[in-house]
1. With the requirement that a residue be among the aromatic types (Phe, Trp, Tyr) and out of contact with any Pro (no Cβ under 8 Å at 6 or more places or on another chain), what does segment 103-121 give you?
2. Please tell me if ARG122 is among the charged types (D, E, K, R), in contact with an Asp or Glu (Cβ under 9 Å, 6 or more places away or on another chain) and under 26 Å from PRO30 (Cβ atoms).
3. Whether any residue in segment 67-81 is polar (S, T, N, Q), outside any strand (DSSP E or B), modelled with pLDDT under 95 and loosely packed, with under 11 Cβ neighbours inside 10 Å is what I want to check.
4. Tell me which residues, restricted to segment 96-122, are aliphatic (A, V, I, L, M) and touching a residue at least 12 places away in the same chain (Cβ under 8 Å).
5. Would you confirm, using the coordinates I've provided, whether ALA86 is without any contact (Cβ under 8 Å) to a residue 24 or more places away in the chain, out of contact with any His (no Cβ under 8 Å at 6 or more places or on another chain), within 16 Å of ALA40 (Cα to Cα) and of a type outside the set (Asp, Glu)?
6. Give me the residue from segment 121-156 that is surrounded by fewer than 16 Cβ atoms within 10 Å (Cβ to Cβ), within 19 Å of LYS74 (Cβ to Cβ) and among the β-branched types (Val, Ile, Thr) and, out of that set, farthest from the chain's Cα centre (by Cα).
7. Residues to consider are SER58, SER98, SER92, SER68; find the one that is at negative phi, polar (S, T, N, Q) and over 19 Å from the mean Cα position of the chain (by Cα).
Amino acid sequence: MRKLLILPCILLAAACAKEAKVEAPAAPAPPAALTAAAVAGTLEGTTMAETTDSVLSSWTAVQVADASGGLAGKLVNHAAMKDTVAYTTTLSGDSAVSVSVTYTDRTMPKGTPPLKWRAVGRATGHEWAGTVTIMVAANDSVLQQAKWKAMHTPTP
């Protein structure tokens, strides 16, 4: 009989015992915010079709920090070396958003309206990657979505 009474007590004690708390691992720290001084320099890059690695253009961009903490730059498409496209870059956390001025792309067919582009990118070390949207400047109609990658050489 004692054995029968001991069994329910053991089960009750086991059921009431507190479970050991298992703490979730700490979330990784967010990447450090970009600074204009760290991002200033030269980018050597390529723009590729959105869904493949087909290279659409190769380019060089030189950007310098401006008084507002952003960046001002000039991009040169290697297919039209005499043409440059001015742009500004705003930094937001670990991302950079660049917007060009209106320009005429001499590599496009004659009659193509003036264009502009908006690029978003992130860096891993000195390697940058992101997306770009190319639009008709007059009405923001999207002509093309693409991806890009570049290698950054900081300003000495």
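1. Just the residues of segment 103-121 that are among the aromatic types (Phe, Trp, Tyr), to begin with: 103, 117.
Answer for segment 103-121, where residues must be among the aromatic types (Phe, Trp, Tyr) and out of contact with any Pro (no Cβ under 8 Å at 6 or more places or on another chain): just TRP117.
2. yes
3. Kept after step one, since they are polar (S, T, N, Q), are these residues of segment 67-81: 68, 77.
The next check asks that each one be outside any strand (DSSP E or B); those that pass are 68.
Add one more test, that the residue is modelled with pLDDT under 95, and what stays is 68.
Filter once more, so that each one left must be loosely packed, with under 11 Cβ neighbours inside 10 Å: 68.
Yes, the conditions are met somewhere in segment 67-81.
4. Within segment 96-122, ALA96, VAL97, VAL99, VAL101, LEU115, ALA119, VAL120 qualify.
5. On the way: without any contact (Cβ under 8 Å) to a residue 24 or more places away in the chain: yes; out of contact with any His (no Cβ under 8 Å at 6 or more places or on another chain): yes; within 16 Å of ALA40 (Cα to Cα): yes; of a type outside the set (Asp, Glu): yes.
Spelling it out, ALA86 is indeed without any contact (Cβ under 8 Å) to a residue 24 or more places away in the chain, out of contact with any His (no Cβ under 8 Å at 6 or more places or on another chain), within 16 Å of ALA40 (Cα to Cα) and of a type outside the set (Asp, Glu).
6. By that ranking, first place goes to THR155.
7. Working: SER58 fails: over 19 Å from the mean Cα position of the chain (by Cα); SER98 fails: over 19 Å from the mean Cα position of the chain (by Cα); SER92 fails: over 19 Å from the mean Cα position of the chain (by Cα).
None of the other options fit; the residue is SER68.
Each row is one residue, and each column tells you yes or no for (1) modelled with pLDDT under 85; (2) in a helix (DSSP H, G or I); (3) within 18 Å of the chain's Cα centre (by Cα).
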| residue | (1), (2), (3) |
| --- | --- |
| LYS3 | yes, yes, no |
| ILE10 | yes, yes, no |
| PRO30 | yes, no, yes |
| ALA33 | yes, no, yes |
| ASP53 | no, no, yes |
| TYR87 | no, no, yes |
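The values are calculated or read from the model by the stated rules, or taken from the named source; none is laboratory data. Quick caveat: nothing in here was measured; it's all calculated off a predicted structure. When we count neighbours, we look across all protein chains shown, and the Cβ atoms used for this are built from the backbone with ideal geometry, even at glycine.
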